[in-house]
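Below is one structure, written out as structure tokens; comments come after it.
The values are calculated or read from the model by the stated rules, or taken from the named source; none is laboratory data. Remember, predicted model here, so these are calculated numbers, not experimental data. Because the Cβ atoms are built from the backbone with ideal geometry, glycine has one as well, and the counts that use them run over all protein chains shown. Keep in mind that these areas ignore ligands, DNA and RNA; they rest on the heavy atoms of the full protein, side chains included. Shrake-Rupley method; radii C 1.70, N 1.55, O 1.52, S 1.80 Å.
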Amino acid sequence: MTFTRRSVLSAAGLLGLSACGIPAAYVPDDRRSVADRSERDRALNFSNWTQYIDVDEKTGKRPTLEEFRQRTGIDVTYTEDINDNDEFFGKISPVLAQGGDPGRDLMVVSDWMAGRYVALGWVQKLDKANLPNVTEHLDPQLSHPAFDPERTHSVPWQSGITGIAYNRKALGREIRSTAELWAPDLKGRVTLFAGMDEALGLLMLAQGADISAFTADDAHRAMDQVQKLVDGKHIRRFTGNDYTSDLASGAAIACQAYSGDAIQLKAQNPDIEFVVPEEGAELWAESLLVPDRAEHKRNAELLIDHYYQPEVAAELAAFVQYICPVPAAREILAKDPETAALADEPLIFPTDEIRTRLHTMRDVTAAERPEFHQVWGQVAGV
């Protein structure tokens, strides 16, 4: 099982490319690829977040990767070297900007960060002929993000919802909307995410904004509201992944939260509830990308497509318990008595009613980012 894979943004690296000391360096199509060694070198290097893949607790092996190796003969060197989107960007960006060997053929980053790689031309266009399962099974609600409208450069690994978690017993009532977080009896008992990209979507939706096409005024209106809440000492603090400990200990009664954590939080304490607010919540994904000059592009594409077989997607979903980007995996889980309950879990397979309240947020542009982060940094103290 895993806790959130969403990053905890630090102050470093938040002001765009220059904050990492890397000048903006767009790479045109004709300089993104090298001769593909996939046919003669049956291998690939895959970078991912920690605890974001199925593991056999007895053997320590990763069953879905082992299935891929047995089926294709391709060995995967799997490295859990992504701990934070900006930290990883700072590590790999000097190589990609200079056209060097990235040392990996596949990587997973959050979609708002994936938008940066795509805009810079630092990832390769995927060959759809190698991705028939993706074409057939990708969740339509994840298929057209603003940064990559046709998913020509990215494919979702897992997905999730930014909504609200709260202790219903401690609060003594239900929460149905984000505005209810600002009730007087929650003063000093609410936490929000410290990362602007993680926090703003839900806050803007609460004010009626269309986050797929939000304006600067929408963003500033939400940040102004949070500043007033900070000034009034309503917000306990701004958090990263540690919001779960505040909620578990009772230091916070309600908070911004990720759906992937909610299943585990509720298993530990049945009084914890997760809410997709009436006015909407943010649907996000973390996606697979093939970086420029990767030497095993076709092998990487075959691995991507492997995970879009419903049987394989179900096996992964049963372990990580985030939103599965392959809706057809639900039928596979439903057939097995040991996993049937997961098939009915709306935080893994959202119902049609919940889907009407899910919205994807456009990425913050390079031009907007410095100003937004300056204001948000003052508001959140990051």
Run through the range 32-103 and list the GluC sites (Glu not before Pro) located in a DSSP loop whose Cβ has at most 11 other Cβ atoms within 10 Å.
Glu39, Glu57
Cubic angstrom per residue, convex hull over Cα atoms of the range 264-342
136
Rh (Kirkwood; distinct C-alpha pairs) - the range 68-169, Å:
16.0
Enumerate by residue number the GluC sites (Glu not before Pro) in the range 293-382 meeting two conditions: DSSP loop (anything except H, G, I, E, B), and at most 16 other Cβ atoms within 10 Å of the site's Cβ.
Glu338, Glu368
Ratio to report: Rg/Rh of the chain, with Cα atoms as the point set and Rh obtained by the Kirkwood method; give two decimals.
0.96
Area of Ser212 that stays accessible when all protein chains are in place (1.4 Å probe, Å², to 10)
60
Heavy-atom accessible area per residue of the range 302-382, all protein chains kept, 1.4 Å probe, expressed in Å², is 43
